[in-house]
């Protein structure tokens, strides 16, 4: 294999263009087969293989800095930077992360898990380089989806003032170029990227300006004509208005042209946008046909399967029976049938949150704010002020980007916005960037906000029906990716010495721990918490009044979570503080499997820790 010869990106420059093209197909095969076994992000990685090879050939990594926006497109980058032997353990405990990770490789200069951060980070490297007198190149790969995030525009606006090298590669995988237009644009881009053209352009303008009377008007007329032609043929006015030189669009799968133009673009001593058009899922007909469905896949999917999606039944996705997303979509659709004021909003994740089901049934009342979580929340606030009943569905790891909007635009004004926080708690596969362990701690202190925590699909449905219909004020319902069909009631045993408080994904472990303790002669109850804010003071008073010592368990940060809320309540009400608080310590959860992530939070772990604390 050609990849066996690539121990570092510099080795790419010794390959012929034919060998680099063959290498691209090798990488496609490795990525497809690995994701089939391990799960991961497929379509996005297949689309950037040629682009990754071109940049690794044109740049001097790791001295130069290459930053990915949304790091899930970095699989080819990992394979080309000495990590091919460990790639088989992608997204597994002890293996490679599915995202760039500074602690994993010197070639990962900046960790990226969420969208719209690359240009800001790249500009930071540029300013550090220029202040320290170093001479490396800086490039950021920005997906077209990231262009919907406000942070990207803030960074572009700042970077346009530079008089220094910065390359922003716009990976556009949602646009097709007609053959003739693409050829012309590629020709113009090559011409404009060359030093000869830039020198000739300056010389012609200078010469015309020196001719009395007619020179400057002629120069201005030519500049106007060039601008009008490019406005029709090339979509670069926006970037150029910000101070960037714009090159493109060019074919992101033409490896030879791409490498040549990338090398020239990197030599420019000014901020430059290189617009590259790629096909998401390239090399897999199924992924090309359904890139959203093949964006992130579970292990054991099949390329070329007989189903419409190409996904095999076993392991392709969590069963619909256990998925919270299905319940969300159906419950909201049910409310919307009876109440025309109900609207649903997501931030580029209609399928993941279940709102695609709502969209199918109520398309006029569905709104996708794109990768702009803060905008999605403030949009909902405006809708609520306009007498609608908005519901915003966002993953926990992404809602933290909307903290300011939640505090100032929703809660401060006490507006009836319902926020459905999916994937709350520990999440397998994607590593520390995608754990849902901060939302409760971030928002529990915000006034006017109510936070509910279902432990079963039946509770989730009831909470949505009640919360959205009543429209009392700001409401956050947080839940994991999947829940058991029935939450059941609290498992209370008379005369309990210990009461284990839990919710969501921790509820089954709390029940198991209570049974283990009781079997060992320490009577224990498992109490399901439905509302973390406000807490049910009557229930807590009854528990502590019976003499039970409290233990709290949660798949979230211990600081400021359920345990913290119970400690505060106990202190305010003059009762003994909890015997034990279990959750995530002051760290970012580092595992990839649920077994590893939940170490210390299983039924056996809870029982063992409670016994130890009780003996103390």
Practice problem: Considering (1) farther than 13 Å from residue 68 by Cα; (2) within 19 Å of the chain's Cα centre (by Cα), say which one residue 133 fails and leave the rest. | Solution: (2)
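In the stretch 517-530, what residues are in contact with a strand residue (DSSP E or B) (Cβ under 8 Å, 6 or more places away or on another chain) and surrounded by fewer than 20 Cβ atoms within 10 Å (Cβ to Cβ)? Explain how you work it out, then say what you get.
Quick first cut of the stretch 517-530, residues in contact with a strand residue (DSSP E or B) (Cβ under 8 Å, 6 or more places away or on another chain) only: 517-518, 522-530.
Listed by number, the residues that qualify are 518, 522, 523, 530.
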Quiz item: When you go through (1) in contact with a helix residue (DSSP H, G or I) (Cβ under 8 Å, 6 or more places away or on another chain); (2) closer than 30 Å to residue 548 by Cα; (3) in the same structural domain as residue 419 (by TED's automatic domain parsing); (4) surrounded by fewer than 23 Cβ atoms within 10 Å (Cβ to Cβ) one by one for residue 469, which number turns out not to apply?
Solution: (2)
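Against the definition (closer than 23 Å to residue 353 by Cα, out of contact with any helix residue (DSSP H, G or I) (no Cβ under 7 Å at 6 or more places or on another chain) and not in a loop (DSSP other than H, G, I, E, B)), how does residue 505 come out, yes or no?
On the way: closer than 23 Å to residue 353 by Cα: yes; out of contact with any helix residue (DSSP H, G or I) (no Cβ under 7 Å at 6 or more places or on another chain): yes; not in a loop (DSSP other than H, G, I, E, B): yes.
Yes: the conditions hold for residue 505.
Looking only at the stretch 545-582, how many residues end up being part of a helix (DSSP H, G or I) and crowded, with 20+ Cβ neighbours inside 10 Å? Steps first, please.
Going residue by residue through the stretch 545-582, those that are part of a helix (DSSP H, G or I) are 545, 562-572.
After this cut, where a residue has to be crowded, with 20+ Cβ neighbours inside 10 Å as well, the list is 562-566, 569.
Number of matching residues: 6.
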Quiz prompt | Total residues in the stretch 595-616, condition surrounded by fewer than 21 Cβ atoms within 10 Å (Cβ to Cβ), under 19 Å from residue 424 (Cα atoms) and in contact with a helix residue (DSSP H, G or I) (Cβ under 9 Å, 6 or more places away or on another chain) | solution = 4
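Where residues in the stretch 444-466 are out of contact with any helix residue (DSSP H, G or I) (no Cβ under 7 Å at 6 or more places or on another chain) and not in a loop (DSSP other than H, G, I, E, B), which of them is surrounded by the fewest Cβ atoms within 10 Å (Cβ to Cβ)? So that I can check it myself, show each step before the final result.
Step one: of the stretch 444-466, the residues out of contact with any helix residue (DSSP H, G or I) (no Cβ under 7 Å at 6 or more places or on another chain) are 445, 450, 456, 458-459, 462-463, 466.
When the remaining residues are screened for being not in a loop (DSSP other than H, G, I, E, B), the result is 450, 458-459, 462-463, 466.
Working: 450: 16, 458: 16, 459: 24, 462: 16, 463: 21, 466: 14.
Top of the filtered list is 466.
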Quiz item: How many residues does the stretch 480-500 hold that are surrounded by 19 or more Cβ atoms within 10 Å (Cβ to Cβ), over 33 Å from the mean Cα position of the chain (by Cα) and assigned to a loop (DSSP other than H, G, I, E, B)?
Solution: 3
Self-check item: Any chance residue 54 is crowded, with 24+ Cβ neighbours inside 10 Å, part of a helix (DSSP H, G or I), modelled with pLDDT of 95 or more and at negative phi
Solution: yes
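I need the strands (runs of 3 or more DSSP E) fully contained in the stretch 355-441, keeping only those with at least 1 residues that are surrounded by 24 or more Cβ atoms within 10 Å (Cβ to Cβ) and in contact (Cβ under 8 Å) with a residue 60 or more places away in the chain. Before you say what the answer is, go through the steps one by one.
Values: elements: 366-368, 389-395, 418-422.
In the stretch 355-441, 389-395, 418-422 are the strands (runs of 3 or more DSSP E) which contain 1 or more residues that are surrounded by 24 or more Cβ atoms within 10 Å (Cβ to Cβ) and in contact (Cβ under 8 Å) with a residue 60 or more places away in the chain.
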Self-check item: Search result, residues across the stretch 106-132 that are buried (at least 18 other Cβ atoms within 10 Å of the Cβ), in a loop (DSSP other than H, G, I, E, B) and in contact (Cβ under 8 Å) with a residue 40 or more places away in the chain
Solution: 107, 109, 110, 111, 112, 113, 114, 115, 116, 117
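Take the stretch 73-103 and flag every residue that is out of contact with any helix residue (DSSP H, G or I) (no Cβ under 7 Å at 6 or more places or on another chain), in contact (Cβ under 8 Å) with a residue 12 or more places away in the chain and surrounded by fewer than 22 Cβ atoms within 10 Å (Cβ to Cβ).
Initially, the stretch 73-103 is screened for residues out of contact with any helix residue (DSSP H, G or I) (no Cβ under 7 Å at 6 or more places or on another chain), giving 74, 82-83, 85-86, 89, 94, 97, 101-103.
Remaining after also requiring in contact (Cβ under 8 Å) with a residue 12 or more places away in the chain: 74, 82-83, 89, 97, 101.
Correct list: 82, 83, 89, 101.
Per-residue answers, yes or no, for (1) touching a strand residue (DSSP E or B) at 6+ places or on another chain (Cβ under 6 Å); (2) outside the structural domain of residue 333 (by TED's automatic domain parsing); (3) more than 27 Å from residue 334 (Cα to Cα):
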| position | (1), (2), (3) |
| --- | --- |
| 397 | yes, no, yes |
| 417 | yes, no, no |
| 424 | yes, no, no |
| 428 | no, no, yes |
| 450 | yes, no, no |
Quiz prompt | Which numbered condition residue 533 fails, given (1) more than 30 Å from the chain's Cα centre (by Cα); (2) surrounded by fewer than 23 Cβ atoms within 10 Å (Cβ to Cβ); (3) in the same structural domain as residue 604 (by TED's automatic domain parsing); (4) in contact (Cβ under 8 Å) with a residue 12 or more places away in the chain | solution = (1)
Practice problem: Could you please give the count of residues in the stretch 143-169 that are under 26 Å from residue 72 (Cα atoms) and in contact with a strand residue (DSSP E or B) (Cβ under 6 Å, 6 or more places away or on another chain)? | Solution: 7
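The values are calculated or read from the model by the stated rules, or taken from the named source; none is laboratory data. Note that the structure is predicted; figures quoted are calculated from it, not measured. Positions of Cβ are generated from backbone atoms using ideal geometry, with glycine treated the same way; all protein chains shown enter the neighbour counts.
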